[in-house]
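The values are calculated or read from the model by the stated rules, or taken from the named source; none is laboratory data. On a predicted model such as this, the values are computed, not experimentally measured, just so you know. Here Cβ is always computed from backbone atoms with ideal geometry, including for glycine, and neighbour counts include all displayed protein chains.
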């Protein structure tokens, strides 16, 4: 049975743990049976709104001024999900919202199982872009207003339905198995994503037809931290597709460092983070031009467009 809860968060600012809205759709036997859209006041330590985020989702500080804060909303969120698997499009982001918001509020992570339609779509479909509207369109289900959390959650339901039909399966375990991923798990102090891998990496051939105007074209990319949306090998292949090369370690040839599941608030010189990131900051201090980006930024760049054009989309 396709029983689960679809979920999508919007955030107030660039810090992942600043939820300001959530959309939830309860699904039974593949059909939506209930839906909720809640505004959330972000945790007090990160309670500010960036203009860029407001431009995406239209939620302003005034709209959340009198609604419950994250630590008050979390018990209701957990209660609504119950024993369901949570399905999101980019679990690295949405489950990360829960984790980082709990970290900043100094409360334990809730126990939760989750599955990512972004990971599933990358395994099942060959598309130029895997953002939510592109995937729903490819599956014949054009979505509503992107970045409305409820509309995005409904789009997740459409993707699960479409992929389940393509793979001829009737439950989430079967869908995950058919596309060679796992249902991820989070509990207090532990987190296991839906994909693993990284040993025995093979350098793919760079695509000779890649767009030379793409943000990553001709650049040398290094990854650090756990990627939530794809294996490291797939990340290398995606780099090659858009004309970039990938390396294991940060060197004098590196000009892009993609940081996986690491709190973006600590991406600054002197932080206690990975050796690759520390080396990147050392090289920056010596004058080397290295751009540090989050996994979300990397995913946006995979359309092969200039970053500023992707961010406007």
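Return yes when residue 21 is surrounded by fewer than 16 Cβ atoms within 10 Å (Cβ to Cβ) and in contact (Cβ under 8 Å) with a residue 24 or more places away in the chain and no when it is not. No; evaluated as a whole, the condition is false for this residue.
Exactly one residue out of 37, 31, 41 is out of contact with any strand residue (DSSP E or B) (no Cβ under 9 Å at 6 or more places or on another chain) and either more than 20 Å from residue 112 (Cβ to Cβ) or surrounded by fewer than 20 Cβ atoms within 10 Å (Cβ to Cβ) (or both), and it is 31. The number of residues in the range 230-255 being within 24 Å of residue 114 (Cβ to Cβ) and touching a strand residue (DSSP E or B) at 6+ places or on another chain (Cβ under 7 Å) comes to 2. Please determine whether any residue of the range 152-159 is surrounded by fewer than 19 Cβ atoms within 10 Å (Cβ to Cβ) and either in a helix (DSSP H, G or I) or in the same structural domain as residue 237 (by TED's automatic domain parsing) (or both). The answer is no, given that none of the residues of the range 152-159 is surrounded by fewer than 19 Cβ atoms within 10 Å (Cβ to Cβ) and either in a helix (DSSP H, G or I) or in the same structural domain as residue 237 (by TED's automatic domain parsing) (or both). Taken together, the residues in the range 142-153 that are within 18 Å of residue 115 (Cβ to Cβ) and either modelled with pLDDT under 95 or more than 17 Å from the chain's Cα centre (by Cα) (or both) amount to 0.
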